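To start, the structure under review is shown below, and the notes come after it.
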Amino acid sequence: MPRSVHKGCDDFRQTSAGVRERWLGAPLTRRQALAGALGGALAIYAEQTMPWARVLEAAQARAAEAPGARVLVSVFLPGGCDLLDTLPPIGAYGRYADLRGDMKLAAPPALGSTGLGIHPSLAEGAGGGVKGLFEAGKVGFLPGIDYANPDLSHFHSRHFWETGLVTERAAPGWLGRWLDRHGARDNPLQGLTLSSTLSPVLATGSAPVAALESPSDCALDVWAIDGRQERQMLAAWQRMAAAHARGEGPRAVHTAARLAKAVGDRLAPYAEHDGVDPLAPPVPYPQDDDLGRRLSRVAALVAQPLGVRLAAVDASGEFDTHDDQPRELGDGLRSVSQSLAAFQADLEARGVADRVLTLVWSEFGRRPQANESSGTDHGAGGIAWVQGARAASGILTDYPSLTALDPDDNLKVTVDFRKVYCSLIEGWLGTDASEVIPNAGAYGRLALVR
Amino acid sequence: MVARRTGSLLLALLLLLAVLTASAADARRRPPTTSVGVAAREFRFSAYRTSAPGGIVRFNVANFGEDGHDLVVETAGGRRVGRTGEVRSGRRATLALRLRPGTYRLVCDLADHAARGMRTSFRVTR
Amino acid sequence: MSATAARRRHGRRRAHARRPSGGRGWTEAHVRRLFWRAGFGATPAEARRWARRGKAATLDHVVNGPPGGARVRGPAPRVEQRPLDPLNEWGDDVLWWLDRMIRSTHPLQEKLTLFWHDHFATADQDTPLMLAQNRMLRANALGSFRELLGAVTRDPAMQLFLSLADSTKDAPNENYARELMELFTLGSGYSERDVREAARALTGYTADWHDDGTVTIKYDAGQHDDGVKTLLGRRGRLGVDDVLDLVTAHPNHAPFLVGKLWSFFVATPPSRATLRALVATYRGSGLRIEPVVRQILAHPQLYRGLDAPDMVKCPVVFLAGAMRTTGTYVTQDYPTWLLELMGQLPFSPPSVAGWDWGAAWMSSNAMRQRFVAGNHVVQYGRPRPRKGAAPASLTPQEAYARAWRAVGEPRVSAATRATLTHLAARFFDDIDARWRDQADWRADALQWTLRHLLLTCPDAQLH
């Protein structure tokens, strides 16, 4: 629950708010809606006195730097998503039904001729949800994904996936390391976490990244002032930030001060104002769904010339389905399906679908044998998928056997997640995976991109 | 050792205010509010206060465990007076109840968690 | 005091700031540097007083604390009128500690408690255990490292965090043994075998959970591996205290620990001679922390660049310092969630390795949160302009000086002072004619803005 920085309304605040209101009512600072600006059906709001032409100019200049740069979006399903119910093996339905007993999916819809079914919740959403995207050739599933000797602690396994390193040591995220190597020195928006706290996947060693719930959260705002005084204040801030600084600490401070203002400035046109959301999506997203709302912002910001290269979003559902899995997994996957289907449609409507690839992942799978509470416990061999107009489609890895389990009665791992990371780095981001993933040569590669 | 990422204070506030039926006299008086920190993990509850005076009792539940847990408050007779709903690993939730003097039980009603130890008693005094 | 008098006083004080007043080059700037590095900043009164008293007396005061031990002074912390309940209300534990940093008469003790909390980083344990650990760290903050290490090793929160509790002879857990050597005492100079052998020697603690959810850590000799081990070249039926004695006697220990203490107080690395001298002090004192810290705080390198500080304030020091030096107390819960957003929530370090310090504190996000914090300190604290208190007739210099005094007379670079004075001069240049007569509001808004910027500008991030 992000708190408003404006929560403390008392007399001074109210006095100035009254003044603010009169100011905002004056023609001086009335904001103007500019429809149909860059990136398709988007309205940019800019203040008259901070010419929108300059905003667009700067934006275009930036876009020219990296036209059509590819974007990778990480969507994390927290808790350990169950493979067997997400993609039930219709070809081995009897064995599946034995393992899952009463909680089994009765008649899951088939996933083409793959011999697999799909959770009915994943057929919900625009155009048939994730199932529809699969049928349209825009989803490639990766069943059996994990790593050797899986650690069934959420915290450990999540950390491994986040860092791309199977070690308990602290380290930057795997996407953060990519930015350290290939990112810009001056653009935090290149690595965007849609949350008030940075996604560990995007934690960097040196490259600037940004975490935000919404562009409305980014301004450097002094409570007592607005309008022209605010611009005077920001100009003073800019001067102080630009001052020459010697030494690592002072340089870091001044850089952060400049970048904080740059992020605020760059996103100011996209902040909600007077109840109007300039990033309002051109397609409907599910109502009251955090994942959908965050993905809609990713789509909108990616479509702007802001230099977004990587984005990280957490799903809002519950995938740690120890009990009542039918309901919990159903709810979680419904949100995922509706949100991702809307996201894909949004990217297409904005004309940027060709340059966005999404990786959906979870920290581990679940045990094939159901437990006593209509749930499943932590297990191995999970599920991930890639999604996008350029994603390889189909079932891209071997589905684990339901009869030949590992010594702990878990599914056998059929693909190491680092193979997927290496394949994305090389196949999508176009750089050498060994710069980011140690021993990258050992994992082989998958064709994840068309 | 990787630190467990405790759920953000900002993200985690799920406030369930369930006020029990109370007499008209009670309603007119503003009852005292007592907060009770409760940690949940496999498979036990630790309540940082084991009793509170009658009035509003706010249970601030932090799930330090790996699994989801919920906190159900029952009377000694087994009548359920409130629950947080499932609190995910690393998250927090608050349950505020108006409680009359008596003995209550705090239990987790997910799966067999109560049987495995997630039950403790709580006293409300005059 | 009239505005002109204020300006005179301000001007005089600035002129005096670098003049030795306690003898041998000890100035208010030195006091401020010391008070920031060793604590949470100096109030103007402290800077004046201790500049007069001289370096030796100031160091004694900072290191020893007041006679009779540390106290807190000033109003007790509250959250919107409610007293704190650190055990039961989320975030009140953080506010409780922050309040001590703001009000303690012995800030170095709190600063070192923060150092040890980072050094022996522990997280995700029950609040009563975390608060007990905090008390333990405070009690040992300046004492014997060996005793501190013994207390940490037996500390329930630590034992549970690093799985030393219930590490038994049949199933020794290496977690604590590894961090003991890697992070707590040595850094390097031991082998995997040493880790395994230390883990065996450290077995025997069991966690005894009671029905009410409380826990006691016990030592059960029956669970201890009493076989012969070889650790760091010593062979024998080693037990817990043998392990702690051996790691602290290891040649790498003293340089490791004094080096880390140095880097907590000084941004540039010590010379080899300085490190040797600190190691000698540490060993000569029988591994006591206080003499080492005293020597670091007295070192000329700590006072270099008084006009251009080079250490980034960590979020806790930034916020506690802004509050302490402006006379602002805990009256709201904003510190807890702001500290989390700034990246340093006490009692929740990101891993056993603690936080990343120095330049790593600075990101555009963290900087924005520090900017947001400025709003709260001004709004809820002493710096808040009283309505109509600033005359509309102040010159830009007077307006700046008034704001500077209201936020505790912080060190400000000449460039920042010029920028803010310029801002004061131009602030309402392009104000719409219709609002020109709102003189009181304008003076208040200017004061608010200047105070906010003084608390959050790049200068304010460094000490």
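The values are calculated or read from the model by the stated rules, or taken from the named source; none is laboratory data. As the structure is a prediction and not an experimental result, all values here were calculated from the model. With ideal geometry, Cβ positions are generated from the backbone for all residues, glycine too; neighbour counts draw on all protein chains shown. Ligands, DNA and RNA are stripped out before the accessible areas are found, and what is left, the full protein with its side chains, is counted by its heavy atoms. Shrake-Rupley method; radii C 1.70, N 1.55, O 1.52, S 1.80 Å.
The table below lists the values:
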{"quantity": "Heavy-atom accessible surface of chain A: percent carbon and sulfur, 1.4 Å", "calculated": "50 percent"}
{"quantity": "Taking all pairs of distinct alpha-carbon atoms in segment A:85-225, Kirkwood radius in angstrom", "calculated": "18.8 Å"}
{"quantity": "Dipole in debye (nearest 20) - segment A:219-266, about Cα centre, beta carbon charges: Lys, Arg +1; Asp, Glu -1", "calculated": "220 debye"}
{"quantity": "Debye intensity ratio in log₁₀ form over the Cα atoms of segment B:25-118, taken at each q of 0.10, 0.12, 0.15, 0.20 Å⁻¹", "calculated": "-0.25, -0.35, -0.54, -0.92"}
{"quantity": "Cα shape, segment C:319-459, gyration tensor, a/c 1.5 rule", "calculated": "prolate"}
{"quantity": "Taking chain A and dividing mean pair separation by its residue count, relative contact order in percent (alpha carbons under 8 Å, at least six apart)", "calculated": "26 percent"}
{"quantity": "Å² of accessible area per residue within chain C, as computed with a 1.4 Å probe and no ligands counted", "calculated": "36 Å²"}
{"quantity": "Leading residue at positive end of dipole, segment C:261-378 (Cβ point charges), from C:GLN332, C:SER364, C:THR268", "calculated": "C:THR268"}
{"quantity": "For segment C:108-303: rounded, prolate or oblate by the Cα gyration tensor [a/c cutoff 1.5]", "calculated": "oblate"}
{"quantity": "Total accessible surface hidden between A and C, rounded to 100 Å², 1.4 Å probe", "calculated": "4700 Å²"}
{"quantity": "Estimated translational D of segment A:219-266 in µm²/s (Stokes, Kirkwood radius over Cα pairs; 4 °C; 1.567 mPa s)", "calculated": "115 µm²/s"}
{"quantity": "Under the span-like rule (Cα at least 30 Å along the axis, Kyte-Doolittle mean at least -0.5), DSSP H helices of chain A", "calculated": "A:325-349"}
{"quantity": "Heavy-atom accessible surface of chain C: percent carbon and sulfur, 1.4 Å", "calculated": "49 percent"}
{"quantity": "Euclidean distance between Cα centres, segment A:211-286 to segment C:84-110, Å", "calculated": "32 Å"}
{"quantity": "All-pairs Cα distance distribution in segment A:329-369, expressed in whole percent, bin size 10 Å", "calculated": "23, 41, 25, 9, 1"}
{"quantity": "Two-decimal ratio, chain A, of alpha-carbon radius of gyration to 2.2 N^0.38 Å", "calculated": "1.05"}
{"quantity": "Burial of 50 Å² or greater, segment C:201-220 residues [accessible area, probe 1.4 Å, versus chain by itself]", "calculated": "C:TRP209, C:ASP212"}
{"quantity": "Average other protein chain Cβ within 10 Å of Cβ, residues B:69-80", "calculated": "0"}
{"quantity": "Interface burial for B against C (accessible surface, 1.4 Å probe, total of both chains, Å², rounded to 100)", "calculated": "2300 Å²"}
{"quantity": "Cβ-Cβ FRET estimate between C:LYS260 and C:ALA389, R0 fixed at 51 Å, reported to 0.05", "calculated": "0.65"}
{"quantity": "Area of C:SER188 that stays accessible when all protein chains are in place (1.4 Å probe, Å², to 10)", "calculated": "60 Å²"}
{"quantity": "Isotropic mean projected area of the C-alpha convex hull, segment B:73-124 (nm²)", "calculated": "3.9 nm²"}
{"quantity": "Cα convex hull of segment A:238-358, projected area averaged across orientations, nm²", "calculated": "11.0 nm²"}
{"quantity": "Interface A:B - total buried accessible surface [probe 1.4 Å, Å², rounded to 100]", "calculated": "1800 Å²"}
{"quantity": "Surface accessible to a 1.4 Å probe, C:ASP220 within the full protein complex, Å²", "calculated": "60 Å²"}
{"quantity": "Mean separation of Cα contacts under 8 Å, 6 or more apart, over the residue count of segment A:219-266: relative contact order %", "calculated": "48 percent"}
{"quantity": "Among C:ALA199, C:LEU149, C:LEU137 the positive-end extreme of the charge dipole of segment C:134-207 (Cβ point charges)", "calculated": "C:LEU137"}
{"quantity": "Partner chain coverage, peptide A:224-236 - average Cβ within 10 angstrom", "calculated": "6"}
{"quantity": "Lys/Arg +1, Asp/Glu -1 at C-beta; segment C:396-461 dipole; positive extreme among C:TRP448, C:PHE428, C:ALA401", "calculated": "C:ALA401"}
{"quantity": "Beta bridge orientation in the protein assembly as shown: antiparallel %, DSSP, nearest 5", "calculated": "60 percent"}
{"quantity": "4 °C / 1.567 mPa s Stokes-Einstein diffusion coefficient of segment A:285-409, Kirkwood radius on C-alpha pairs, µm²/s", "calculated": "79 µm²/s"}
{"quantity": "Low-density loop positions, trypsin sites (Lys or Arg not before Pro), segment C:272-304 - DSSP coil, at most 16 other Cβ in 10 Å", "calculated": "C:ARG304"}
{"quantity": "Alpha carbon centroid spacing (whole Å) that separates segment C:235-264 from segment A:163-194", "calculated": "35 Å"}
{"quantity": "MRE, 222 nm, helices only [DSSP H, n ≥ 4, -39500 (n - 2.57), over chain A, to nearest 500]", "calculated": "-10500 deg cm²/dmol"}
{"quantity": "Cβ neighbours within 10 Å from other chains - mean over A:263-272", "calculated": "1"}
{"quantity": "Rg ratio (alpha-carbon, reference 2.2 N^0.38 Å) - the protein assembly as shown", "calculated": "0.97"}
{"quantity": "Cα extents of segment C:396-461 along the three principal axes, largest first (Å)", "calculated": "38, 19, 18"}
{"quantity": "Pairs of alpha carbons in chain C whose separation is greater than 40 Å (percent)", "calculated": "27 percent"}
